[in-house]
Amino acid sequence: MSRWRSVLRTPVGACAALLLVGVLALAVLAPILWSAQADRVDTDAIRQGMSAEHWAGTDDLGRDLFFRVLVATRLSVELALLATLIAVVVGLTLGALPALVGSRLGRYVVAFVNITVAFPGLLLALFLAVIFGVGARGAVLAIGLAGAPAFARLTQTLVAGVIERDYVAAARAAGIGRFRVLLRHVLPNIAEPLIVNATISAGGALLAFAGLSFLGLGVQAPQYDWGRLLGDGLAGIYVTPAAALAPGIAVVIAGLAFNLFGEALAKAVGLTTPLGRALPRLPRRTDSSAPSDAVLEVRELTVTLPSGARAVRGVSLQIAPGEAVGVVGESGSGKSLTALAIAQLVEEPLQVRAERLHFQGADLQAQAHRKLLGTSLAMVFQDPMTAFNPTQRIASQLAEGAREHGGLSRQAARARVIDRLRAVRIHDPERRARQYPHEFSGGMRQRAMIGMGLMGTPALIIADEPTTALDVTVQQQILQLLAEIRAADHVALLLISHDVTVVSAVCDRVLVMYAGRVVEDLPAAELARGARHPYTRALVAAVPTMESDRQLPLTVIPGRMPDPDDVSAGCSFAPRCALADAHCAAEQPELIASADGRRIACWHPAPASLALQES
Amino acid sequence: MATAVTAPRVLENAWVRFAARRLGRLVVSVWVVITAAFLMIHLVPGDPVRAVLGPTATAEVVAAKRAALGLDDPMWSQYLHYLQGVLTGDFGTGLASSLPVSQVISQRLPTTAMLAVLAFLVAVAIAIPVGVFMGVLTRGGRARRAELSFTATSVVLAAVPEFLLAVGLVYVFGVSLGWLPVAGRSGASSYVLPVLALAIGPAAVLSRIVRVQLQSVLQADYVRTARAKRLRAVTVYLKHALPNTLTATLTLGGLLLSVLVAGTVLVENVFAWPGLGTTMISSILARDYPVVQAIVLVYGVGVLLVNLAVDIALALLDPRSTIRES
Ligand code: SF4
């Protein structure tokens, strides 16, 4: 219930609720209070404009239109609610029927709903209004039944979603009848969206009713609702515009009240929370220290979330030409964000900052190096299924970067595409180049993605979990391909993976990340036996043997990584670390480089000689 | 090279299957509409002939009219007769006037179709630039104020039904300012208000859809890939994001088009536009059922054709959809 009530806490929800209460109160009270004024005929004041006496003018019998509009609230709202009720009941029945009556008859019901739902409600309502006859009763039936197919469709979708769930299956397996299952287990679970939609469609019914009455098919004189008043007033719009405008405004306000309240309910129930406020853009610092020969030089890189928490907290790393560096860690360690931040692919509302971020000697923070990055930095993403634009051919997707940065002609780019596809061992590249991504297998797409990176002359390939989404056999081939490219063209590689085995097989050096920080930096060859950080050793120990089953998740380490929002003052690994003491909990260990070039952040690192037996 | 030939053929087959499936669905739906139109005249309360001729008509006159309309024949023979008539473009004669209904339709249909097509084009021409602009402006939670005021404006505009919008437009541009004609069809200027009244609501909804879709497309992996290629921002938006936005927009916005077709009925009546909508309402009020029957049929089939056009456009825009469907 608190979720329903939370509607009132949003400004839109509160306004809509207020408006709705106002409309409903008016519907109840207006006829009681003002019927007499609304019906008083005054032949001396026929068709008058707005005046202090008659706020909305008078009609052709001299009746006060302001009061007539107020009094008409009841009939307008009443008829709309009645029509909505019909729509909900009939729609719910039609929608639940397939689940009740079995597949054969159910299919006809579904087909019927599918055909009727394709027609706009107004058209259905007009058709039905002819059948049910001109007048308020016919219009209620028409609008109600016209709204039913949409409700039936909604119910069908909702029921289908719930009926697959375990508890419903369990109830059915226990021999509980279909109707009972529907009533006890299904309906309560789909009530929220149904109520929300009923509220919104009450607004729709109100407007539709106004439409029918306006056309003369709904409420008939001497009764009057807003639509009727509007229809009567329109003829005299030059003389007394208020006669048409006042009921029109009333319809809009009442319709909006239902609509907005429904939308606000939907928001409150639908659990969508906004991303939060955007942070002010921080000034970029430029660093003019001497360029090194490293391909990539990163110092104190941070990525800040909209909440202000930091998902990457001061990562520093260097990659030499041709070197392969791996980054491992559990999901949430910030390794992928680090890679994206280096590649300048992190967008607002996330904020990236670094003391130094140099690629091939160019300061990436000082200015946009579009051409440099476009030709010298290749990216390989995790999911080759989604990384290509589904609506464009492979060739054009590979070629466009080269055409933009390399100024290649269409033919030259095409030749290069075919050459590169061949380089990543795609058979029959001429034909493949003409195909769309969905005609490629996953492994082939990942090859094509690597080929895309090879369109230029990359100095660094950043591969973010390049094999995670692929079959085991294909994984090997992709890793093999990356290794060959590296050897052939002296390309550096930054490989992000949660998989210790993959990283140690491909890389020269490994960075281990935990909770947004690098906790250890060591040669890949040392990973298996020479790791010194308790977390690294736990990671390695979680892999049964270095050769087998790399699908095994790393959750074997008890406990879980802290969220960026609640990192402690001390070592982030302390809650899960067997060696943790008071010092660990109080103070964060810095990443310290030792003489052999290794780095480690731990107060109690294992001696380099100690093997894994104790963990 | 044998394999090189098969690829286009597979695609062709997918297209053929797609076309066959859609055509089949269209035929069934059209049949349902025709049958519904046929049944309408039998479902109306009372005797339609008596209703239109009035209580003063003698029993013989009514009986003669009934016989002339074939209303006394057995149901199935009436149905076959009706089907045959519809398929040959013969909708019978009106009860009130004695004009052939097909003549009424062919006079009124073009003006209504013109209105709907113009309104659709105007709605799209407004919605896509506005939606894209707002989508780019507010991507990733930027420019919250602009987003809020855009959303509020479009919600209100979308919630106001077209005939009330029409009344408002009449008041402002016709009555107060006196710039534009408010009734009838007389030259280009008379189109402005009805077209606007029809287009504003769909434009508001469509531009919201475009904005939301663009934002979700901008989150997609392939847009990140495009950015990783360091293309110009304009290229990323126009070449990679926009086409996929349009696919999604069309899927959700296709229904709007048919709603717009139905909206002509009300808007025509506000502007006394000499189209199908005004004829339909006056015929309903005059109980001229053959005319109503035919117009309902035309509107129904019109909606079906619009839906089909949307499906075909979708299939052309998204090469996967033809295959994904099966
Ligand atoms: S600093 Fe302490 S808690 Fe952190 S990893 Fe080292 S021993 Fe464990």
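Each other residue within a Cβ distance under 11 Å of B:GLN219 adds +1 if Lys or Arg and -1 if Asp or Glu, for a net charge of 0. Label point of A:LEU85 set 7 angstrom out along Cα-Cβ; within segment A:198-212, amide nitrogens under 19 Å from it belong to A:198-210.
Report the gain in length on full extension from B:LEU87 to B:ARG144: 0.36 nm times residue separation, minus Cα-Cα distance, nm rounded to one decimal. The B:LEU87-B:ARG144 span can extend by a further 14.9 nm. In plain terms, the residue of B:SER29, A:SER213, A:SER6 with the fewest other Cβ atoms within 10 Å comes first and the most crowded comes last, giving A:SER6, B:SER29, A:SER213. A Förster radius of 25 Å combined with the Cβ-Cβ distance from B:ALA188 to A:ALA235 puts the calculated FRET efficiency at roughly 0.45.
Relative to the longest principal axis of the Cα atoms of chain A, helix A:136-163 runs at roughly 20 degrees.
Near A:ALA83: Cβ cut-off under 13 Å, other residues only, Lys/Arg at +1 and Asp/Glu at -1. The net charge is -1. Here segment B:207-318 yields Rg over Rh of 1.22, to two decimals, using C-alpha coordinates and the Kirkwood radius.
Cα axis of helix B:289-317 to longest principal axis of chain B: angle in degrees, 0 to 90, nearest 10? In chain B, helix B:289-317 runs at an angle near 20 degrees to the longest axis. Every Cα-Cα pair in segment A:294-369 was counted, and those over 17 Å apart are 42% of them.
Cα centroid separation, segment B:147-226 to segment B:230-303: 14 Å.
Phi angles of segment B:44-56 translate, via the Karplus equation with coefficients 6.51, -1.76, 1.60 and θ = phi - 60°, into HN-Hα couplings of 5, x, x, 8, x, 6, 4, 4, 7, 7, x, x, 7 Hz per residue; Gly and Pro are given as x.
Dipole magnitude for segment B:81-219: computed about the Cα centre from +1 point charges on Lys and Arg Cβ and -1 point charges on Asp and Glu Cβ, it is near 580 debye. Our analysis of segment A:370-425 gives Rg over Rh at 0.96, with the two radii drawn from alpha carbon positions and Rh computed by the Kirkwood formula. Centre-to-centre separation between the Cα atoms of segment A:567-605 and those of segment A:196-258: 71 Å. Counting other Cβ atoms within 10 Å as a rough exposure proxy, the listed residues A:LEU212, B:LEU80, A:LEU182, A:LEU123 run B:LEU80, A:LEU182, A:LEU123, A:LEU212 from fewest neighbours to most. Put simply, the Cα atoms of the protein assembly as shown extend 115, 70, 67 Å along their principal axes, the longest span coming first.
Modelled this way, with points 7 Å down the Cα-to-C-beta line, the labels at A:ASP293 and A:ALA14 are 6.7 nm from one another.
Ranking B:SER97, A:ALA118, A:LEU454 by how far each Cα lies toward the positive end of the dipole of the protein assembly as shown (charges on Cβ) leaves A:LEU454 at the top. The alpha carbon centroids of segment B:15-51 and segment A:66-96 are separated by 28 Å.
When every Cα-Cα distance of segment B:101-286 is counted in 5 angstrom steps from zero, the calculated P(r) takes the values 1, 8, 15, 16, 15, 13, 10, 8, 6, 4, 2, 1, 0, 0 percent. Between A:VAL21 and A:ALA488, the modelled label-to-label distance comes to 7.3 nm, taking each label 7 Å out from Cα in the direction of the beta carbon. Counted by Cβ distance under 13 Å from A:PRO321, the other residues give a net charge of -4, where Lys and Arg count +1 and Asp and Glu count -1.
The length gained on full extension between B:ALA19 and B:TRP76, counted as 0.36 nm times the residue separation minus their Cα-Cα distance, comes to 17.3 nm.
Cβ-to-Cβ counts within 10 Å put A:GLU347, B:GLU268 in ascending order as A:GLU347, B:GLU268, the fewest first. Positive end of the dipole of the protein assembly as shown (Cβ unit charges, origin at the Cα centre): among A:VAL71, B:TRP76, A:VAL327, the Cα lying farthest that way belongs to A:VAL327. Relative to the Cα centre, the charge distribution of the protein assembly as shown, modelled as +1 at Lys and Arg Cβ and -1 at Asp and Glu Cβ, gives a dipole magnitude of about 980 debye.
Full extension of the chain between A:ALA569 and A:ARG422 yields a length gain of 47.7 nm, computed as 0.36 nm times the residue separation minus the alpha carbon distance.
Computed from Cα positions, the angle between helix A:442-453 and the longest principal axis of chain A comes to roughly 70 degrees. Along the axis of the charge dipole computed for chain A (Cβ charges of +1 for Lys and Arg, -1 for Asp and Glu, origin at the Cα centre), the listed residues A:ILE557, A:GLY236, A:ALA146 are led at the positive end by A:ALA146. Computed over the alpha carbons of chain B, Rg followed by Dmax gives 24.7, 84 Å. With the simple model of a label 7 Å out from the Cα in the direction of the Cβ, A:ARG529 to A:ALA111 spans 7.2 nm. Proximity of backbone amide H atoms, modeled 1.01 Å from N, is registered between A:ILE496 and A:VAL327, A:ALA463, A:ASP464, A:GLU465 at under 5 Å, excluding neighbours fewer than 5 places apart on the same chain.
Note on B:VAL175/A:GLU300: beta-carbon distance plugged into 1/(1 + (r/R0)^6) with R0 of 56 Å gives a FRET efficiency of 0.25.
Note on A:GLU355/B:LEU305: beta-carbon distance plugged into 1/(1 + (r/R0)^6) with R0 of 45 Å gives a FRET efficiency of 0.10. Amide H contacts of A:ALA542 (H built 1.01 Å from N, in plane; Pro and chain starts excluded): no residue 5 or more places away or on another chain comes under 5 Å.
With kT/(6 pi eta Rh) evaluated at 4 °C and eta = 1.567 mPa s, and Rh the Kirkwood radius from Cα pairs, segment B:167-268 diffuses with a coefficient of 80 µm²/s according to Stokes-Einstein.
Every number in this text was worked out from the coordinates using simple rules, so none of it is lab data. As the structure is a computational prediction, the values presented were derived from the model and not from experiment. Glycine also receives a Cβ, built like all others from the backbone with ideal geometry; neighbour counts cover every protein chain displayed.
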